[in-house]
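Below: the structure, in structure tokens.
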Amino acid sequence: MDTSYENQNNGTDHTKDSRNVKRFEGLEAWKKNHELVVKVYQVTREFSDKDISLAKDLQNSARFITQSIVEGYNRRSPKDKYSYYARARDASFIFQDLLLTARDLNVFTNGYAQYEDLLDTLISGRRVINGLVESFEKRNDQA
């Protein structure tokens, strides 16, 4: 049993969203990760001009997570859905790498608090994505 911080879902079944939601905005995975996108844009507005490239990379990376969730939601086959949800999970790790770079370069105007807030939001969103990915892994194992 995986007890890591990122894989615990506190008993909530996040997989039901992908089957019962009429619009992607209703997906818990999209909601949580959209929150990350909004926070990233708010925080990176404060970056200095010399860090604009890193700001854009963080923005694009965060958006790629939600875009992959949207693409997965719109696919019909479970295999395709799994592929896009797994891509969203992978993108969250790429975002985390960029976030660590930003932290180590001291680009946050509010210091460590902004980094921690973004990291907590990222991990919360990844936890929900993990639920989606695992549900499709189980379906593929049963097929």
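The values are calculated or read from the model by the stated rules, or taken from the named source; none is laboratory data. Here the structure is a predicted model, which means the values were calculated and not measured. Cβ sites come from the backbone with ideal geometry, for glycine too, and all protein chains shown count toward neighbours.
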In segment 1-15, which residue that is hydroxyl-bearing (Ser, Thr, Tyr) and surrounded by fewer than 17 Cβ atoms within 10 Å (Cβ to Cβ) is modelled with the highest pLDDT? THR12
Output yes when any residue across segment 47-55 is modelled with pLDDT of 95 or more and closer than 26 Å to VAL133 by Cα, and no when none is. no
Starting from residues that are in contact (Cβ under 8 Å) with a residue 60 or more places away in the chain and in contact with a Leu (Cβ under 9 Å, 6 or more places away or on another chain), keep the ones in segment 111-133 and report whichever is surrounded by the fewest Cβ atoms within 10 Å (Cβ to Cβ). SER124
Pull up segment 29-74, narrow it to residues that are free of Cβ contacts under 8 Å to residues at least 40 places away in the same chain and under 15 Å from ARG89 (Cβ atoms), then point me to the one that is surrounded by the most Cβ atoms within 10 Å (Cβ to Cβ). ALA62
Go through ASN110, ASN130, ASN140 for me and flag whichever is under 22 Å from VAL70 (Cα atoms) and either among the basic types (Lys, Arg) or modelled with pLDDT under 95 (or both). ASN140
Is there any pair linking a residue in segment 75-97 that is free of Cβ contacts under 8 Å to residues at least 24 places away in the same chain to one that is in a helix (DSSP H, G or I) and acidic (Asp, Glu), with Cβ under 6 Å and at least six apart or on different chains, and which? TYR84/GLU71
Does LEU99 fit the bill of being under 13 Å from the mean Cα position of the chain (by Cα), over 21 Å from GLU28 (Cα atoms) and either among the basic types (Lys, Arg) or not in a loop (DSSP other than H, G, I, E, B) (or both)? yes
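Going through segment 16-25 one residue at a time, which ones are over 15 Å from the mean Cα position of the chain (by Cα) and either at pLDDT 85 or above or part of a helix (DSSP H, G or I) (or both)?
We begin by selecting, within segment 16-25, every residue over 15 Å from the mean Cα position of the chain (by Cα); these are 16-23.
Scanning segment 16-25 gives LYS16, ASP17, SER18, ARG19, ASN20, ARG23.
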Specify which of the listed residues (PHE108, PHE136) is surrounded by 19 or more Cβ atoms within 10 Å (Cβ to Cβ), outside any helix (DSSP H, G or I), touching a residue at least 40 places away in the same chain (Cβ under 8 Å) and hydrophobic (A, V, I, L, M, F, W, C). PHE108
